[in-house]
Structures are given as structure tokens and as C-alpha cells.
Amino acid sequence: MQLINFHETHVVTAAAVGLFLIVVAAIANRRLKATEKCLIPQAKLRPSTFFELVVEGLLGLMEGVLGDRAEKYFPLIGALFVYVFTCNLVGLIPGFGPPTDNINTNAACAIIVFVYYNYLGIKEQGIVQYLKHFMGPVIWLGPLMLMIELISHAVRPISLSVRLFGNMTGDHMVLGVFSELTPIVIPVIFMFLGLFISFIQAFVFSLLSIVYIGLATEPSHH
């Protein structure tokens, strides 16, 4: 029987995270449907409490960038944050590697963001008006600005993917090295550091996605 290779394990782990989050979301949704229960804070951290914290914090961040449009675009950003953060946390489990230290996992998320914000820009402004974003404020500089903007937009999914890949790969390698050298005390410190990095990287990925959506849907003044 052929063993699963390194890259295939990332696919399996990424799919397992997605399935896990679907189950957790279903459990949380059962409580959230009972409005009277949600009025009383829970003593322990449960799935519904976790999602409430994520929604409150992330929606507040989005409102600061997008204003009244935040709720409209929240579903994708919220799902991305929770998914990337959970994938990052998998690397803290001994014997497991985070799906996000594989460039393919990150590229899939980044391409979704790339397609989504361009779709929103065209849908809300029309293709002609949206393309004016690429031409710059000065007509005679239009061709040059168009080339620069096209390159800038093409690099965005690459930047999102590589940034997340590099940080999570480095964090996982450091944790693995110190776990082998001192398997009792020191790894605990790096696990807390890994938890912080996992959150920061998911936050940065989501924040950049919010900024891209904001720029794409901002009315043109040409």
C-alpha cells in the first residue's frame, strides 16, 4: 500500500480542519438560535462563545476600514480568519504540521480573496468604472499606471501566500528544533509563542483581505 506523502498530508489536514469547523459551527449555531440563552454569558469557552468573540472583534475591525459595508463582506473574511487560525494551530500539536506551511493551501485562500475582491469591484461599480482605478488620476499616465496596477494586483495573492507560508514554516521548524533539544520545559514557551504567531498571521491575512476589498469597492473619483 502506498503511503501518503508530505504534500498529501497537508491536503488531508486542510480538509480535516474544514470538516472540524463545519461541525463546530453547527454546534455553535444550535445555541445561537436560542436567543434567550445567548443573553447569559457562558462560564466556559464553548464553540458559540468562541465564534461570538471572533465576530465581535473582527466585525469591529472591518467597520473601521469599510464602514457600513462591513457586515456585507464579513462572511468570507470571518471564515478565512477562523480557517487560517485553526490551520495554524494544528502545528502546535506534536506530530502534526500546519496546512499553512504548504504554499498550496495558502495560495488557494489567497486566490479566493483575489477573485472575490475583483468580482465585488466589477459588480458594484461596473467594469468600466472599476478599470478606472487602474488608470490613475492623470490621463496621459494611464498606460504606465495600468501596467503598474496590473503587476501590483497580480502580486497580491503571491504576497499573501508567501508571507503566511514563510512565517508558519519558520515557526514550526523552531518549535520542532527546541522540542528535540529540550522536550520538557522550553517547548512550552515556544508553544505560547506559536499561539501568538498563529493569531497574528491569521489577523494579517484577514486585514490585508479587508484592505483589498475596501480599495476595490471604493467609489472612483475619476
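Values in this text are rule-based calculations from the coordinates and carry no lab data. All figures in this text were calculated on a predicted structure; none of them were measured in a lab.
Quick notes on this one:
- For region 64-117 versus region 191-213, the spacing of their alpha-carbon centroids is 9 Å.
- Here the ratio of the Cα radius of gyration of region 88-148 to 2.2 N^0.38 Å is 1.78.
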